[in-house]
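Colleague: Have a look at this one before I ask anything.
The values are calculated or read from the model by the stated rules, or taken from the named source; none is laboratory data. Keep in mind the model is a prediction, meaning the values are calculated, not measured. Using ideal geometry, Cβ is built from the backbone for each residue, glycine included, and neighbour counts are taken over all protein chains shown. Remember, those area values only see protein heavy atoms, side chains included, never the ligands or the DNA or RNA. Shrake-Rupley method; radii C 1.70, N 1.55, O 1.52, S 1.80 Å.
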Amino acid sequence: MSTPQIVACIVLAVLVFWAVGAYNRLVRLRNVIGNAFAQIDVQLKRRYDLIPNLVEVARKYVAHERETLEAVAAARNQAKAAADLARSRPGAAGPVTSLAMAEGVLGSAMGRLMALVEAYPELKADQSLRELSEELTSTENKVAFSRQLFNDAAYDYNVAAQQFPTRLLAALFGFREAAMLQSTTSEAERAAVRVQL
Amino acid sequence: MRFRDQQHETRQATLRLLALFVLLLVALVLVVNAALCALWWGGSALLLRDPGFLYLPPLFFETNTAIVLVFVLGGCWVETVRLRSGGGAHVAEWAGGRELTDPRDVTERRLLNIVDEMALASGLPRPRVFLLEREHAINAFAAGWSPQASVVAVTRGALQRLTRDELQGLVAHEFGHIHNGDLRLHMVLLALVWGLSLVHGYGHRLFDADEDGIRSVPGVLIGAVFIAAGSLGWVAGRMLQAAVSRQRELLADASAVQFTRSRDGLGGTLRKIWHQVDEREAALLRVPSRLLAGQLMQAPPGWLSTHPPLAERVRRVYGRVLGPLAAPSLAIDEADEPHRATTAPAPAASSPIAYAVPMAETPDPGGTLPQPRPKSDDDEREAIDRLGRVHGPGEMRAVLLALIATPGSQRERRAWRDETKGLSTADALRDEVKKLSAAARLPWLEVLLGRIARAPLHDRQDVVEAARRVMAADGQVRPIDRLHWLALRHRLGEARPPSPSAGTSNDLADLSESALMQVARLTAFLSRLVPDGELETGTAWYQAVMKRWVRGAIVPAPELPDADEVAQALAVVQGLPWMLRPVLVRAWLEAALAASPMNRLSDSAADALRLAGLLLDSPMPPELARHYIELPAAISSGT
């Protein structure tokens with residue numbers, strides 16, 4: 001082999017190595033996004049499962065505050081139905097909007113329930129209520145953190161896919177830009193359904 | 001997005017410091033070469049009056065360079081492998097941690113939830129979680145080589161004194177360390193500093209007299225070059241390592257803010273730790289006679305501290321200056337008293353705490369150059385080998401009892417025979433034990449205690465009882481016997497709830513005069529063995545130790561406590577906070593070294609201090625460790 005041929009071979013080998021590495025990196029980053037999204041779903045489901053238990057415990061002490069308790073239960077059912085709908089038709093705008101609204105209603109109902117807990121010391125001291133509200137707090141946090149992870153992962157992925165020269169590769173293999181979740185990690189939203197004991 | 005800027009800034013600073021490490025290595029090579037070259041030329045000019053003045057032997061520079069690099073880099077590699085093999089869980093268990101797998105109350109559940117949350121936020125695998133039951137200060141550490149094998153340990157004090165958000169900040173900080181690969185960096189730098197100390201050690205080997213007590217002139221001169229260059233390199237290495245560590249703390253703080261997207265959690269934790277530190281110092285200033293004042297006053301100077309000042313950390317987190325924050329206990333139900341670990345702690349071969357990255361600075365266990373350890377001769381090595389294979393409960397018991405029996409006492413020997421009746425290998429084992437030198441016996445005892453500690457409680461108690469019978473067989477219980485027996489009971493006995501006098505806080509202000517009394521009692525008891533068993537020198541040692549805490553006041557003469565009083569005093573001192581117990585052991589050791597010729601402890605003094613350290617669950621200071629042989633890793637890991 002002549003010198004130019006050797007040089008050409010080396011350049012080709014470097015290119016192939018780089019391409020394989022860059023491709024694998026993009027795939028890995030994309031998988032992180034998918035995983036983060038799955039986590040959001042898991043934690044939301046768990047949250048819908050916890051709320052009825054909390055209502056049941058509260059009912060033992062404050063059965064007469066029926067209005068608040070039923071508002072929470074109803075809001076939870078609506079939010080769950082909206083979430084199921086959104087899951088069955090991913091990408092459609094309508095279900096996502098109605099889910100956001102249902103979540104808003106659930107948030108304010110939960111806020112009233114927590115105010116109720118504050119007002120009844122014996123309820124606040126209940127062991128299973130404390131355990132449940134710890135679980136609920138943790139689940140709320142996990143929802144927020146997996147949204148945050150989703151956005152961080154989408155950010156990393158987009159930066160990687162848009163930089164030259166990886167950009168060429170991304171275009172070639174159809175790595176499309178990932179969308180970010182909007183207005184999810186704002187303090188206001190996280191605080192709205194915050195359980196504080 | 002300030003935290004992203006801070007992360008970028010600290011990463012750059014780390015790179016600059018690592019470049020300085022490389023420069024340090026180059027400088028070390030240059031200095032050694034230059035000094036040896038000057039020596040050679042000077043020597044040949046003086047001795048030979050050689051006209052070939054500028055002649056150097058072939059491969060002169062290559063050899064010098066290779067020696068330095070082999071010691072530093074080879075040492076670094078060996079030490080890294082050793083540190084890695086420890087494993088994070090080992091460190092956490094050593095520090096007295098209990099793994100949280102199934103939580104006992106809401107606060108423990110909360111800690112596990114928070115760890116899950118942070119694993120989500122950081123995108124890392126979930127580490128194993130340990131709780132340091134007996135620690136009442138707010139602190140936490142992460143350990144482990146890789147993110148997959150890392151552990152996070154949190155003190156009971158942190159669970160009790162931090163709100164949920166603050167605890168989240170604390171855990172997020174540890175996740176920051178894991179995320180940024182600090183644990184690995186920390187271990188490699190520690191190993192590198194160790195490698196630098198090897199150059200110094202090599203110099204000592206050349207410099208010191210050989211077995212026949214003869215020193216050669218070239219050996220002394222060349223040795224002096226290596227000693228000087230090695231210790232300068234070591235000091236510079238330690239300073240650089242501390243500087244890197246400070247940058248990584250800031251980076252972990254910034255990462256914690258990134259993970260939690262909240263400044264108040266971590267900020268609150270830092271302010272509470274700050275308050276805790278301030279209170280400790282104020283207590284020392286207010287009452288000069290308080291315990292350990294002298295020790296804590298000589299805090300490490302800024303350039304050797306591994307953590308940035310708390311004021312600076314708080315300022316960076318909040319972007320403005322905020323003061324310390326009081327940290328009352330938030331325990332929801334007081335009925336939930338701290339649970340104690342139900343298993344006996346594993347034996348501590350050396351102090352692995354240095355390889356973990358704590359949240360806040362703790363007293364540095366080792367601050368001096370390591371000294372060569374005693375070596376085993378062939379007989380002893382064989383004996384160690386054979387004893388290392390002992391695993392049956394009966395055999396372990398026989399070896400243990402042989403180790404603590406008073407040598408040369410016929411009656412104790414008969415009692416030992418009674419205890420090991422029916423064991424065919426007993427005499428052979430005893431012969432092996434006899435071959436162990438004084439420097440090997442205690443390390444062995446600790447290994448055995450670690451192995452027997454896994455037996456059921458009933459069997460363990462049986463061993464403790466047998467030991468008592470053997471020791472009392474000659475009608476007298478010598479002080480060292482009592483220490484042995486206390487150590488056995490400590491490691492093998494039933495886990496006892498903390499004694500009522502055990503402080504529930506980490507503040508020196510809470511350390512009562514009565515606790516100081518008990519420290520004095522325990523010290524008086526030890527003075528029968530330290531530094532050499534003579535009444536006069538023992539009293540002097542006691543005075544030297546106690547003077548540190550009763551500054552200005554007159555130290556009362558030691559009164560020798562009886563058996564009950566010793567046990568009582570020990571229980572109180574064992575209840576002291578974990579940061580104080582090692583300081584006490586150090587104080588004993590330093591006073592004993594000062595009172596010993598050539599800085600070398602007598603066998604009985606070294607044994608007494610080692611056993612005392614074991615009783616207080618304190619890491620062994622390197623100055624004490626060098627009096628003992630190092631058992632092969634396969635044996636000391638207890639497998």
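Colleague: Criterion first (modelled with pLDDT of 70 or more, surrounded by fewer than 17 Cβ atoms within 10 Å (Cβ to Cβ) and assigned to a helix (DSSP H, G or I)) does B:R489 satisfy it?
Modeller: no
Colleague: Any residue at all in region A:141-154 that's away from chain B (no Cβ under 11 Å) and either open to solvent by less than 20 Å² (accessible area, probe 1.4 Å) or at pLDDT 85 or above (or both)?
Modeller: Yes, because at least one residue in region A:141-154 is away from chain B (no Cβ under 11 Å) and either open to solvent by less than 20 Å² (accessible area, probe 1.4 Å) or at pLDDT 85 or above (or both).
Colleague: Right, something else. Collect the residues in region B:383-418 that are surrounded by 21 or more Cβ atoms within 10 Å (Cβ to Cβ) and among the acidic types (D, E), keeping them in residue-number order.
Modeller: B:E412
Colleague: Only one of these is free of Cβ contacts under 8 Å to residues at least 40 places away in the same chain, touching a Phe, Trp or Tyr at 6+ places or on another chain (Cβ under 7 Å) and either of a type in the set (A, V, I, L, M, F, W, C) or crowded, with 17+ Cβ neighbours inside 10 Å (or both): A:R76, A:R30. Name it.
Modeller: When all the criteria are applied, what remains is A:R76.
Colleague: Which residue, of B:V115, B:V91, is at pLDDT below 90 and not polar (S, T, N, Q)?
Modeller: Sole residue among the options that is at pLDDT below 90 and not polar (S, T, N, Q): B:V91.
Colleague: Within the set of pairs 6+ apart or on separate chains, which have a first residue in region A:102-130 that is open to solvent by less than 10 Å² (accessible area, probe 1.4 Å), a second that is in a helix (DSSP H, G or I) and among the hydroxyl-bearing types (S, T, Y), and C-beta atoms under 8 Å apart?
Modeller: Sorted first by the residue in region A:102-130, then by its partner, the pairs are A:A109/A:T68; A:L113/A:T68; A:V117/A:S133; A:L123/A:Y61.
Colleague: Kindly list the number of the only condition in (1) crowded, with 23+ Cβ neighbours inside 10 Å; (2) away from chain A (no Cβ under 14 Å); (3) not hydroxyl-bearing (S, T, Y) that fails for B:G169.
Modeller: The one condition B:G169 does not meet is (2).
Colleague: Can you tell me which residues in region A:123-136 are assigned to a helix (DSSP H, G or I) and more than 7 Å from chain B (Cβ to nearest Cβ)?
Modeller: A:L123, A:K124, A:Q127, A:S128, A:L129, A:L132, A:S133, A:E135, A:L136
Colleague: Which of the residues spanning region B:433-442 are out of contact with any Asp or Glu (no Cβ under 7 Å at 6 or more places or on another chain) and open to solvent by 10 Å² or more (accessible area, probe 1.4 Å)?
Modeller: Result: B:K434, B:A439, B:R441.
Colleague: How many of the residues making up region B:212-253 are more than 29 Å from the chain's Cα centre (by Cα) and of a type in the set (A, V, I, L, M)?
Modeller: Going through region B:212-253 one residue at a time, the tally reaches 7.
Colleague: Please pick out the residue among B:F175, B:F130, B:F141 that is farther than 26 Å from A:R147 by Cα and modelled with pLDDT of 90 or more.
Modeller: B:F130
Colleague: For region B:193-214, give me each residue that is within 29 Å of B:H173 (Cβ to Cβ) and either open to solvent by 30 Å² or more (accessible area, probe 1.4 Å) or charged (D, E, K, R) (or both).
Modeller: B:W194 - this is the single residue of region B:193-214 that is within 29 Å of B:H173 (Cβ to Cβ) and either open to solvent by 30 Å² or more (accessible area, probe 1.4 Å) or charged (D, E, K, R) (or both).
Colleague: Quick one: how many residues across region B:73-99 are part of a helix (DSSP H, G or I) and open to solvent by 10 Å² or more (accessible area, probe 1.4 Å)?
Modeller: 18
Colleague: Being without any contact (Cβ under 8 Å) to a residue 24 or more places away in the chain, within 30 Å of B:S231 (Cβ to Cβ) and either away from chain A (no Cβ under 14 Å) or out of contact with any Lys or Arg (no Cβ under 6 Å at 6 or more places or on another chain) (or both) is true for just one of B:L56, B:L48. Which residue is that?
Modeller: B:L56
Colleague: If you don't mind, another one. What is the number of the single condition among (1) within 30 Å of A:S128 (Cβ to Cβ); (2) part of a helix (DSSP H, G or I); (3) more than 14 Å from every other protein chain (Cβ to nearest Cβ) that A:W18 does not meet?
Modeller: (1)
Colleague: Another question about this same structure. Residues in region B:54-70: is at least one more than 26 Å from B:A191 (Cα to Cα), part of a helix (DSSP H, G or I) and either open to solvent by less than 30 Å² (accessible area, probe 1.4 Å) or in contact with a Phe, Trp or Tyr (Cβ under 9 Å, 6 or more places away or on another chain) (or both)?
Modeller: Yes, region B:54-70 has at least one match.
Colleague: Checking the condition at pLDDT 90 or above, assigned to a helix (DSSP H, G or I) and in contact with a helix residue (DSSP H, G or I) (Cβ under 9 Å, 6 or more places away or on another chain), which residue from A:A102, A:A74, A:A86 passes?
Modeller: Residue meeting the stated conditions: A:A74.
Colleague: Let me ask something else. Out of B:G237, B:G265, which single residue is within 24 Å of B:S329 (Cβ to Cβ) and open to solvent by less than 40 Å² (accessible area, probe 1.4 Å)?
Modeller: Result of the check over B:G237, B:G265: B:G265.
Colleague: Another one. Just checking, which of B:W578, B:W549 is at pLDDT below 80, open to solvent by less than 20 Å² (accessible area, probe 1.4 Å) and among the hydrophobic types (A, V, I, L, M, F, W, C)?
Modeller: B:W549
Colleague: Moving to a separate point now. Restricting attention to region B:398-446, report how many residues are in contact with a Pro (Cβ under 8 Å, 6 or more places away or on another chain) and among the small types (G, A, S).
Modeller: So the count comes out to 2.
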